[in-house]
1. With θ set to phi - 60° and the Karplus curve 6.51 cos²θ - 1.76 cosθ + 1.60, what are the ³J(HN,Hα) couplings of the stretch 2-11 in order, to the nearest whole Hz, using x for Gly and Pro?
2. Grab the Cα-Cα distance for A62 and I35, subtract it from 0.36 nm times how many residues apart they are, and report the gain in nm with one decimal.
Amino acid sequence: MESNVLRENAIESLVRERRSGALSGGFAVLCLVLIVIWGVTGADYFWPVWPILAGLVAFAVASLARGWSNREFAETTVRARMSQMSGQAPPGVQR
């Protein structure tokens, strides 16, 4: 029974990881670039707010789409996450 709970927790952890992904880092860099361009140009009106808001909406939609994906995780990926969560070495790795 405990193995099933650990398996469900591992899959939930992988789903959360899939939702966030690398998009957040790229989006943060893009926001910083836009803000630097705005600062360098000396514009009074903070125009980067519009592309940033559009990006936030796109990021939210992409995150939801990834979270609702029916794509299964590979068994080796689930077992590796289970090992990681239980504090054991993944299969095939010796400590």
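1. Those phi angles translate into 4, 5, 5, 5, 4, 5, 4, 5, 5, 5 Hz.
2. 7.4 nm
Here, each number is a calculation from the coordinates, and none is a lab measurement. For clarity, every value in this text was computed on a predicted model and none was experimentally measured.
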